[in-house]
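Contents: one structure, followed by commentary.
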Amino acid sequence: MVLIAEEAKRQFVVAPDALAAANGIAPGQTLVDARALAGDLVVASFEPAVVTRALDGIAQWCMRYTPATAPAGDDGVFLDLTGGALLFGGETALLADLVARLARQGFTAQAAVASTPGAAWALARFAPGTVARPAAERAVLAGLPVEALRLVPETVAILRRLGLDTVGALYDLPRAVLARRFGEELCRRLDRALGQAFEPISPLREVPLWRERRDFAETLLQPEDVAATLRRLIESLCARLAAEELGVRGLECLGFRTDGSTARAGIGTSRPSRDPAHLARLFAEKLSLLDPGDGMDGMVLSPTGLENLAPEQTALTRGGTQPGDLAALLDRLANRLGTTNVFALAPVGSHRPERAQRRVAPNTATRNLRWPDGMRRPLRLFANPEAIEAETAAPEEAPLHFTWRRVRHCVHRAEGPERIAAEWWRDAAPAARETRDYYRVENEDGERFWLYRQGAGETSRWYLHGLFA
Amino acid sequence: MVQRPELAALKARLALAAAGTPAGLLPLGVLPALPRAGLHEIEGDAVASGFAAALAGLLAGGRGRVLWCTPLAALREAGTLYGAGLAACGLDPARLIVARPRQTRDALWTMEEALRGGVFAAVIGEIETLPPIAARRLQLAAETHATAALLLLPPHAHGVGVGMTRWRATSAPGDVWHIELARCRRGASGIWLVEWNHATHCFDLVAVSGERPGAPASSGVDRPPRGADCRGGEAPVRRRA
């Protein structure tokens, strides 16, 4: 099987699989040539987006080894192992584990460890399995072909033509000559590979320092085991947070399944917390997201926000798991219903009724805010006033009848009009700039409605805006 | 309209209520006192919401908090809760937290969590249909955590018969609320026409349209014996009438 792409109306092989490669098919060949080598070739088109997505997935999965991972180009992933490899029994063991696990997922992978991203990139491709000691890196790289320096094909072609086949051949050439002849890029690549210039890796996500990780010798299959592990991760994290007097504003849990997919669940808190019981309870609503599937062999917990939290503050937070703590309860509600669906109401200084209140976070202090008094306002308001048909005796009078949601109401009493002017500095649309005349009307059964007329004369329209109790 | 002797009887009842209502009962003036802990069903139109807001405001008493659980799905149909209007019904918006669940399942969970939290004086929930088991859970949570659960049911909804009381609150001409106590564990039921007095924060009686025959004496309404029929958690208690 090969993946192909079309360029200048000709189809080229982008990537052959192992079997196709064994038949002599190589990237860059035309599809016609490739078919000549293998008649029963299966062809699929190369989708860069699919590859990018797969690579991102692998990079995310690699977070089981280190929080700092990043896709590299279109066929690699960088892992920053600084200080982390010991947890996996050393770098050589880590490499073996990484390649083996990827192979189980169906990916053929090559990997290497070096002290710079450039050298690691080169070794992974041209000397896979190498764990280069920093002192020996220069010597190891010297034997690699110049392609190992991540150069554009044109530069490689020129170097080859000049007989500069290996990285080592470039070591002794004067830098000025190299730069003049092949451009700054070659020098930069060389410096980066040799560690003479720093190359940052931009990880997929911000690197959390406060990670908690667990790997399992036996894969987890039961959701209860996942919950129990999560609980242990939370407790362990909270113990560390307590020592530094910190609290989290949110947590994210990644679960690594054996099939290579990653489960993810997150929670947020309305104020910093390091109360394991409270945090675990918030996750209880999200456990379905951490479905172990066919098996989970690793979990990582990291905070999404850290804030100072003095010990005396935790005394309050600890009450959170007991009845009586409003904040803890609101956290639970917000986690299940969504933060936008748990709120308090605050008055806004606006004439337009639909703007006279807004939703605020439920722990916002609204006690001292004044609600408009002395005006009759409905108990329920329709965010979008509903168009109604109304009959009036005279154009500028209260309606005698109106039809709302297909029901005709006879107006027995009406109060109004209360004229509410448009807020021209806020409204752009001409229709929204029209003055409204509000009436509070009562039908034959005593039901009370808030109606308004917008516009004047023949073009006026009627709307129902709210219901009174 | 109202007969004089009836008014006198009501005044006597008011005086009794003023003299002291047993702890755990919220005096409602002209209406029978309301158990503070337990489930109360209120069915009706917009007035049911107003009545619930008024009850919650009285239950909160300027200190407690109120949670109003209003489903997202009903937002278009019923409109959004409006602070100025709630204030006019006696519920200070500063005491209120609104929760908007997506599904009935979430609404019931929210109500039960809120009741168990013990941080609210009242938890109001708009529920279309309430399975009897869910109602019993809410009643239990409300009772054990000494919180009032006010269930807002659509007009003519079937009662679940689990709660302490069942009210029917509808509009009556002239800014009047038609309040019917359709079922009460203590046996009292009746119909009152009241107005919410925003200044005094109480219900002003407009008229009373007759209590059911056979209902216990008026003192029994406000001061029930502390018996199982009042606050017991057993299966639905039949109306004594």
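Of all residues being modelled with pLDDT of 90 or more and open to solvent by 10 Å² or more (accessible area, probe 1.4 Å) in segment B:154-171, which is farthest from residue B:117 (Cα to Cα)? Just the residue, please. Before the answer, list the steps.
Pass one, segment B:154-171, residues modelled with pLDDT of 90 or more: B:164-171.
Checking which are open to solvent by 10 Å² or more (accessible area, probe 1.4 Å) leaves us with B:166, B:168, B:170-171.
Details: B:166: 24, B:168: 28, B:170: 31, B:171: 34 Å.
Only one residue fits best here, namely B:171.
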Considering only segment B:219-239, I want to know if a residue exists there that is under 22 Å from residue B:30 (Cα atoms), surrounded by fewer than 19 Cβ atoms within 10 Å (Cβ to Cβ) and modelled with pLDDT of 85 or more.
no
Can you find even one residue in segment B:135-151 that is hydrophobic (A, V, I, L, M, F, W, C), assigned to a helix (DSSP H, G or I), within 13 Å of chain A (Cβ to nearest Cβ) and open to solvent by 40 Å² or more (accessible area, probe 1.4 Å)?
no
Could you please tell me which pairs satisfy a Cβ distance under 8 Å, a separation of 6+ or placement on different chains, a first residue in segment A:453-469 that is in contact (Cβ under 8 Å) with a residue 24 or more places away in the chain and within 22 Å of residue B:54 (Cα to Cα), and a second residue that is aromatic (Phe, Trp, Tyr) and in a helix (DSSP H, G or I)?
A:469/B:51
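Rundown of residues vs (1) under 23 Å from residue A:256 (Cβ atoms); (2) at pLDDT below 85; (3) among the basic types (Lys, Arg), yes/no style:
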| site | (1), (2), (3) |
| --- | --- |
| A:81 | yes, yes, no |
| A:94 | yes, no, no |
| A:112 | yes, no, no |
| A:117 | no, no, no |
| A:139 | no, no, no |
| A:152 | no, yes, no |
| A:159 | no, no, no |
Would you check which residues across segment A:60-86 are within 15 Å of residue A:117 (Cα to Cα) and out of contact with any helix residue (DSSP H, G or I) (no Cβ under 9 Å at 6 or more places or on another chain) and list them?
A:68, A:82
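Output yes when any residue across segment A:245-257 is without any contact (Cβ under 8 Å) to a residue 40 or more places away in the chain, surrounded by fewer than 23 Cβ atoms within 10 Å (Cβ to Cβ) and basic (Lys, Arg), and no when none is. Full working, then the answer.
We begin by selecting, within segment A:245-257, every residue without any contact (Cβ under 8 Å) to a residue 40 or more places away in the chain; these are none.
The answer is no; no qualifying residue exists.
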Are there any pairs with C-beta distances below 9 angstrom linking a residue in segment A:368-381 that is open to solvent by less than 50 Å² (accessible area, probe 1.4 Å) to a residue that is among the basic types (Lys, Arg) and not in a loop (DSSP other than H, G, I, E, B), with the two at least 6 apart or on different chains, and if so which?
A:378/A:440; A:378/A:448
Filtered residues of segment A:415-469 (kept if among the acidic types (Asp, Glu), part of a loop (DSSP other than H, G, I, E, B) and within 48 Å of the chain's Cα centre (by Cα)):
A:423, A:427, A:434
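Scan segment A:343-370 for residues that are touching a Lys or Arg at 6+ places or on another chain (Cβ under 6 Å) and either facing chain B (nearest Cβ under 7 Å) or among the aromatic types (Phe, Trp, Tyr) (or both) and jot them down.
Residue satisfying the conditions is A:343 alone.
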Of the residues in segment B:172-182, how many are closer than 14 Å to residue B:207 by Cα and in a strand (DSSP E or B)?
6
Matching residues in segment A:166-198 (closer than 21 Å to residue A:130 by Cα and of a type in the set (Asp, Glu)) number 1
Residue satisfying all of: in segment A:222-239; surrounded by fewer than 14 Cβ atoms within 10 Å (Cβ to Cβ) and of a type outside the set (S, T, N, Q); farthest from residue A:304 (Cα to Cα) among these:
A:224
Within segment B:55-76, of all residues that are closer than 13 Å to residue B:121 by Cβ and facing chain A (nearest Cβ under 9 Å), the one modelled with the highest pLDDT is B:67
Given segment A:192-293, what strands (runs of 3 or more DSSP E) lie entirely inside it while holding 1 or more residues that are among the hydroxyl-bearing types (Ser, Thr, Tyr)?
A:212-220, A:262-273
Go through (1) within 14 Å of chain B (Cβ to nearest Cβ); (2) touching a helix residue (DSSP H, G or I) at 6+ places or on another chain (Cβ under 6 Å); (3) open to solvent by 20 Å² or more (accessible area, probe 1.4 Å) one by one and return the number of the condition residue A:445 breaks.
(2)
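Which ones in segment A:258-279 are among the aliphatic types (A, V, I, L, M) and open to solvent by less than 20 Å² (accessible area, probe 1.4 Å)?
The answer is A:263, A:265, A:267, A:279.
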Residue selected from segment B:77-104 under the condition touching a helix residue (DSSP H, G or I) at 6+ places or on another chain (Cβ under 9 Å) and more than 7 Å from chain A (Cβ to nearest Cβ), by the criterion most open to solvent (accessible area, probe 1.4 Å):
B:102
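Residues checked against (1) within 17 Å of the chain's Cα centre (by Cα); (2) more than 25 Å from residue B:203 (Cβ to Cβ):
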site: B:87; (1), (2): no, no
site: B:91; (1), (2): yes, no
site: B:100; (1), (2): no, yes
site: B:123; (1), (2): yes, no
site: B:133; (1), (2): no, yes
site: B:163; (1), (2): yes, no
Could you list all residues from segment A:44-88 that are in contact (Cβ under 8 Å) with a residue 24 or more places away in the chain and of a type in the set (Ser, Thr, Tyr)?
A:45, A:65, A:69
When you scan segment A:123-148, how many residues do you find that are crowded, with 22+ Cβ neighbours inside 10 Å and within 31 Å of the chain's Cα centre (by Cα)?
1
Hits in segment B:184-198 (condition: more than 14 Å from chain A (Cβ to nearest Cβ), in contact (Cβ under 8 Å) with a residue 60 or more places away in the chain and in a strand (DSSP E or B)):
B:184, B:190, B:192
Considering segment B:64-94 alone, what residues qualify as being charged (D, E, K, R) and either touching a Pro at 6+ places or on another chain (Cβ under 6 Å) or free of Cβ contacts under 8 Å to residues at least 12 places away in the same chain (or both)?
B:76, B:77
Among (1) in a strand (DSSP E or B); (2) within 39 Å of the chain's Cα centre (by Cα), where does residue A:389 come up short?
(2)
Can you find a residue that is touching a residue at least 24 places away in the same chain (Cβ under 8 Å), within 14 Å of another protein chain (Cβ to nearest Cβ), under 39 Å from the mean Cα position of the chain (by Cα) and surrounded by 13 or more Cβ atoms within 10 Å (Cβ to Cβ) anywhere in segment A:395-410?
no
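When the residues of segment B:105-134 are narrowed to those that are aliphatic (A, V, I, L, M) and not in a helix (DSSP H, G or I), which ends up nearest to the other protein chains (Cβ to nearest Cβ)?
B:119
The values are calculated or read from the model by the stated rules, or taken from the named source; none is laboratory data. Not measured: the values here are computed from a predicted model. Glycine gets a Cβ as well: all are built from the backbone with ideal geometry, and neighbour counts include every protein chain shown. These accessible areas exclude ligands, DNA and RNA; they are computed on the full protein's heavy atoms, side chains included. Shrake-Rupley method; radii C 1.70, N 1.55, O 1.52, S 1.80 Å.
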